[in-house]
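Input: a single structure, listed below in structure tokens.
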Amino acid sequence: MAVPMKHVLGILLDNLSKRGSVLPLSRGRSIGWAKGLNIATGGKTVIYTGLMYQLMPSIIAMEKMTCKFADSWISNFYGVGRTVNKVISITPFMTWTNADERARFNSILQNIAKLLQVADVDFGYLYGEELYTGTLVHDEGIDNVFRAHAHKVYGMLKEHNVERVITVDPHTTNMLKSVYPKIIKDYKLEVKSYLEVLAESNLKPLKKLDQDIVIHDSCVYARYEGIIDQPRQLLENAGAQIIEPMNTKKMTYCCGGPVESLFPIKARTIADNRVEQLASVGDRSVTMCPICFVNLRTAAETKSLSVKDISEYLVEAYCDQ
């Protein structure tokens, strides 16, 4: 018996249509990372998380659940679960998360905001108004649901008079910068990844990293958005020695995502292969995508390989801790 992909995907689609995200989050879970950072509300330039890092603990939990019940009689009841979910969200029962996981992903967003503040970038945040951009639905080719959601997201940004967006992950960057303009008429929004913004800021390191770091390129950043040199520039300026693994830059190897919730076994196999490549040339690796971070970190648990988000290295070098 396999993962009931039809019903799992159906639950995600219903959530997006009815609740604005594939896995709805409470307001506290969505915006809690910004507490104490004194980020202004709104403005012409905003940091946009797309809820990607906030969603990762729930995605991890969902992947574990689908793996656990893939060959169980319980998988027969996913269809019933979808029916119930149309009325009452069953997400809390599917995606129980722990505080430590949530804190880890919140800290990554906090790192990014601190780096932008140190670089004297003027930006605000939409807090509870921010919406997930629909990446998973787009990747699965569910065009009708995705198009409607994309218009909803863009309408929200225009309502708040946003002109420039600083994104924090490759998938949100790709949606807002390259995908939305193809389906929304008269689309006007300047979109840059925070890595691009920091690389342009001439930010000076306060501390030298002096470490060998194996870099794992996000396929979305490298192949679709051309963001290859910027993360290397930021790390090298901070004194890190970049090690290029097999399959790097535009030829980077997949981490196994973003369909780990639908094909967990296949995703893990791909992640294991990538970890072998990274571990063969070093013991410290860096990712720049929440999905890559999760899949590779999980696969590296039995290997002598440390996996960190790039923001964790950059905040160490450029911010006064």
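The values are calculated or read from the model by the stated rules, or taken from the named source; none is laboratory data. No experiment lies behind these values; they were computed from the predicted model shown. Here the Cβ is made from the backbone with ideal geometry for all residues, glycine too, and neighbour counts use every protein chain on show.
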### Verdict on residue 114 being within 16 Å of residue 193 (Cα to Cα), assigned by TED's automatic domain parsing to the domain that holds residue 170 and in contact (Cβ under 8 Å) with a residue 12 or more places away in the chain
yes
### Query
Taking the stated definitions as given, is residue 275 closer than 22 Å to residue 237 by Cβ, among the hydrophobic types (A, V, I, L, M, F, W, C) and either at pLDDT 95 or above or in contact with a Pro (Cβ under 8 Å, 6 or more places away or on another chain) (or both)?
no
### Message
Among the residues in the stretch 178-190, are any surrounded by fewer than 18 Cβ atoms within 10 Å (Cβ to Cβ), outside the structural domain of residue 34 (by TED's automatic domain parsing) and free of Cβ contacts under 8 Å to residues at least 12 places away in the same chain?
### Response
no
### Query
Only one residue in 298, 287, 252, 269 is of a type in the set (Val, Ile, Thr), under 24 Å from residue 60 (Cβ atoms) and surrounded by fewer than 16 Cβ atoms within 10 Å (Cβ to Cβ). Which one?
269
### Query
Any idea how many residues of the stretch 254-284 are outside any loop (DSSP other than H, G, I, E, B), among the hydrophobic types (A, V, I, L, M, F, W, C) and within 20 Å of the chain's Cα centre (by Cα)?
4
### Message
For the stretch 127-141, give me each residue that is closer than 12 Å to residue 42 by Cβ and surrounded by fewer than 22 Cβ atoms within 10 Å (Cβ to Cβ).
### Response
127, 128, 129
### Message
Out of 215, 166, I need the residue that is assigned by TED's automatic domain parsing to the domain that holds residue 247 and surrounded by 20 or more Cβ atoms within 10 Å (Cβ to Cβ). Which one?
### Response
215
### Lone unmet requirement of (1) out of contact with any Lys or Arg (no Cβ under 7 Å at 6 or more places or on another chain); (2) on the phi > 0 side of the Ramachandran plot for residue 161
(1)
### Task
With the condition kept exactly as written, say whether any residue in the stretch 305-317 is hydroxyl-bearing (Ser, Thr, Tyr), at pLDDT 95 or above and part of a helix (DSSP H, G or I).
yes
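The rows are residues; the columns are (1) among the hydrophobic types (A, V, I, L, M, F, W, C); (2) over 27 Å from residue 297 (Cα atoms).
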position: 174; (1), (2): no, no
position: 181; (1), (2): no, yes
position: 191; (1), (2): yes, yes
position: 196; (1), (2): no, no
position: 199; (1), (2): yes, no
